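The values are calculated or read from the model by the stated rules, or taken from the named source; none is laboratory data. Since we're looking at a predicted model, the values are computed, not measured. All Cβ positions, even for glycine, are placed from backbone atoms using ideal geometry, and neighbour counts span all protein chains on display. Surface accessibility is based on the protein's heavy atoms, side chains included, excluding ligands, DNA and RNA. Shrake-Rupley method; radii C 1.70, N 1.55, O 1.52, S 1.80 Å.
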Amino acid sequence: MSTQVLQHNLMATYTLWWREIVRFLRQRTRIIGAFGSPVMFWLLIGSGVGHSFNSGATTESVSYIRYFYPGTMLMIVLFTAIFATISIIEDRQVGFLQGVLVAPVSRASIAWGKILGGATLAIVQALVFLIPARLAGVPMPLEQLPLLLAVLVLLSIGLTALGYIIAWRMESVQGFHAIMNLFLLPLWLLSGALFTLDGAFSWLRWIMQLNPVTYGLQVMRYALDPDQTLTTSYPSIPVCLLITAAGTLLLVALAVWMTRQEKV
Amino acid sequence: MVNSRAVRDVISVSGVVYNYGATRALQGLSLSFAQGKISGLLGPNGSGKSTLFKLLTTLASLQEGEITISGLSLREERARIRQKLGVVFQSPALDKKLTVLENLRHQGHLYGLRGADLEQRITRWSKTLGVNERLGETVEKLSGGLQRRVEIAKALLHDPEVLLMDEPTNGLDPIVRHELWRTLKQLQANEAKSIILSTHLMEEAQQCDSLVLIDKGRVVGTGSPDEMVDALGIVLVRIEALTANSLAEKLQQELNLKSTVSENRIRLETSSLASGQALIAQITEKFGTEIQSIGLAKPTLEDVYVARAGHDWRDEEERTTAKKK
């Protein structure tokens, strides 16, 4: 690929990324929903469940609201990333996507623009959610920040790619929501966000161990709150990070491959 | 290598077959569009226009046959062809949350344009299309007509040789439609663009320099609208009757006249004005009480379609609609 072609493709990726950011900032309801819902979810479930049940997650030193904090951050990443890709369905319905697909740019640059756009929104929102961390007693050691950023980047890119793959073949937004409830919500629920791997039934533990998001959350939990990660059911943190990276790579490759198929 | 035909014809389609599973949408389609002209692809819904449009815009791949655009093979040179095409889709391909300027910049970046060059092009085309004073407004605030103009400006930004438009006036009111046509004529005259548009509207097709008539995935007629109408060499007798089907049967049985019926209208062909007048006198005398109105008419493109396709235009649209349901 010549430098000129590469520059052209990078420009296409940039402009599609930029569009995602501008669209988000111009839709106030999306901003309110993106920041408000997870915080509310965290406060209500964190406070309510913590005092009502023993989820197996709490110890004398770790409250449930503190345990649930990384899970809420994962929810922010998952939902922002996935919702950002709904625009693919809308773009196809109104013809915008077709306009992009007839441009003389590589299909990979189109997929990357869209994925990076959604991922950026997810990362920024997750970082904003760091503000109340100390209130919940989450230690968030500064030396762990690079690890947190790394796993946030991987999870955000991977989950946006997952949303992209689902949205690419979808005919309607309603269908997308149905898939989300059936597939994406369990992906979050069975990641260790709400209850620990150790405390789950054995069949559930198997499913949780097969869920790649579980390992991303474990890294996130370790980066935010190292005291919580003293469990024997998970591989080491570097292995968890590696699994997350491999999953992300696979999903992005699949998203690019699908974009190269001509079905529009 | 560019042959002489490719220079004259900006797009050449030869023996193109396209299937959606077991359904054949294009049946060995062969046609060409001349350089520097406004060419129309006319056909009812479901005739194969959209499939051909998808092929020409590179959204679908060729299955059988060949297409050359500006002398380049669509099979081998898709990337170079994309640079030569400006595409206006039937649905608005603008981001309504972005301003006109942002939409144009976005498009420019997709076509490898940036910096001063891009800004100059935006200024030029927004002025040409009359949207230069609305650059700062979000697209959702613009009228349908203005949005269409922005789309055309967007499609022309990279200075394509060919402007492909899929039913460009769809959903626009008659005044805006008229304005858009004036813009297209100016583009052709001043910018020497080859404009190819698909349409199912007769009045729109009438304004094209040349037409390709398409039916069930095959070409049934080509030429300028006037040429095609004149080539029919007929004068029409049009009758309106409440019981059109029954009257048509009587015309066949009693006067041996073959006609076509559409809703409450009967259409008869005759060879000259004189024979048409004689026919009117004869029909009025015999069936005057059943007739609401009768008169002579010059054939239209719809008549050309009926003559070439062998069936009524509306029948085809209704068949397609029913199939979709």
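Among the residues of the range A:185-214, those that are in contact (Cβ under 8 Å) with a residue 24 or more places away in the chain, assigned to a helix (DSSP H, G or I) and open to solvent by less than 60 Å² (accessible area, probe 1.4 Å) comprise A:Leu187, A:Trp188, A:Leu190, A:Ser191, A:Gly192, A:Ala193, A:Val213, A:Thr214. Of all residues in the range B:44-58, those satisfying the criterion of being surrounded by 18 or more Cβ atoms within 10 Å (Cβ to Cβ) and either in a loop (DSSP other than H, G, I, E, B) or within 11 Å of another protein chain (Cβ to nearest Cβ) (or both) are B:Pro44, B:Gly46, B:Ser47, B:Gly48, B:Phe53, B:Lys54, B:Leu55, B:Leu56, B:Thr57, B:Thr58. One residue alone among A:Arg23, A:Arg30 is touching a Lys or Arg at 6+ places or on another chain (Cβ under 9 Å), within 8 Å of chain B (Cβ to nearest Cβ) and within 27 Å of B:Glu102 (Cα to Cα), and that residue is A:Arg23.
The set of residues in the range B:60-80 that are within 9 Å of chain A (Cβ to nearest Cβ) and either open to solvent by 10 Å² or more (accessible area, probe 1.4 Å) or at pLDDT 95 or above (or both) comprises B:Ser61, B:Arg78, B:Ala79, B:Arg80.
At least 2 residues that are within 14 Å of chain A (Cβ to nearest Cβ), within 20 Å of B:Leu85 (Cα to Cα) and more than 17 Å from the chain's Cα centre (by Cα) in each: list the helices (runs of 4 or more DSSP H) lying fully within the range B:105-191 that qualify. Outline the logic, then answer.
Values: elements: B:115-128, B:144-156, B:174-191.
Correct list: B:115-128, B:144-156.
The single condition among (1) more than 30 Å from A:Pro226 (Cα to Cα); (2) under 13 Å from the mean Cα position of the chain (by Cα); (3) polar (S, T, N, Q); (4) surrounded by fewer than 23 Cβ atoms within 10 Å (Cβ to Cβ) that A:Thr120 does not meet is (1).
Would the range B:293-309 turn up any residue that is open to solvent by 30 Å² or more (accessible area, probe 1.4 Å), under 29 Å from B:Ile214 (Cβ atoms) and among the β-branched types (Val, Ile, Thr)? Taking every residue of the range B:293-309 in turn, at least one turns out to be open to solvent by 30 Å² or more (accessible area, probe 1.4 Å), under 29 Å from B:Ile214 (Cβ atoms) and among the β-branched types (Val, Ile, Thr).
Being surrounded by 15 or more Cβ atoms within 10 Å (Cβ to Cβ) and part of a strand (DSSP E or B) is a property that B:Ser32 has.
For the range A:1-29, a residue qualifies if it is in a helix (DSSP H, G or I), of a type outside the set (Val, Ile, Thr) and either over 24 Å from A:Thr259 (Cβ atoms) or open to solvent by 70 Å² or more (accessible area, probe 1.4 Å) (or both), and the qualifying residues are A:Gln4, A:Leu6, A:Gln7, A:Leu10, A:Tyr14, A:Trp17, A:Leu25, A:Arg28.
Among B:Leu296, B:Leu268, B:Leu257, B:Leu279, which is out of contact with any Phe, Trp or Tyr (no Cβ under 9 Å at 6 or more places or on another chain) and more than 27 Å from B:Asp226 (Cβ to Cβ)?
Of B:Leu296, B:Leu268, B:Leu257, B:Leu279, the one residue that is out of contact with any Phe, Trp or Tyr (no Cβ under 9 Å at 6 or more places or on another chain) and more than 27 Å from B:Asp226 (Cβ to Cβ) is B:Leu257.
When the range A:137-158 is limited to residues that are aliphatic (A, V, I, L, M) and at pLDDT below 95, the one that is farthest from the chain's Cα centre (by Cα) turns out to be A:Leu142. One residue alone among A:Leu224, A:Leu217, A:Leu182 is surrounded by fewer than 21 Cβ atoms within 10 Å (Cβ to Cβ) and either on the phi > 0 side of the Ramachandran plot or aliphatic (A, V, I, L, M) (or both), and that residue is A:Leu182. Filter the range A:227-246 for residues that are in contact with a Leu (Cβ under 7 Å, 6 or more places away or on another chain) and within 21 Å of A:Ala150 (Cα to Cα); which is surrounded by the most Cβ atoms within 10 Å (Cβ to Cβ)? Within the range A:227-246, the match that is surrounded by the most Cβ atoms within 10 Å (Cβ to Cβ) is A:Thr244. Which residue pairs have Cβ atoms under 9 Å apart, sit 6 or more places apart or on different chains, and have a first residue in the range A:150-179 that is more than 21 Å from A:Trp112 (Cα to Cα) and in a helix (DSSP H, G or I) and a second that is of a type outside the set (A, V, I, L, M) and open to solvent by 10 Å² or more (accessible area, probe 1.4 Å)? Final answer for the pair search is A:Val173/A:Glu90; A:Val173/A:Gln93. Among the criteria (1) touching a helix residue (DSSP H, G or I) at 6+ places or on another chain (Cβ under 8 Å); (2) modelled with pLDDT under 90, the one B:Leu213 does not fulfil is (2). Of the residues making up the range B:85-101, those that are closer than 24 Å to B:Lys37 by Cα, open to solvent by 20 Å² or more (accessible area, probe 1.4 Å) and either more than 21 Å from the chain's Cα centre (by Cα) or more than 9 Å from chain A (Cβ to nearest Cβ) (or both) number 0. Just wondering, is there one or more residues in the range B:59-70 that are part of a strand (DSSP E or B) and hydroxyl-bearing (Ser, Thr, Tyr)? So far as the range B:59-70 goes, yes, one or more of its residues are part of a strand (DSSP E or B) and hydroxyl-bearing (Ser, Thr, Tyr). Meeting the requirement of 1 or more residues that are among the aromatic types (Phe, Trp, Tyr), the helices (runs of 4 or more DSSP H) wholly within the range A:72-135 are A:96-101, A:107-128.
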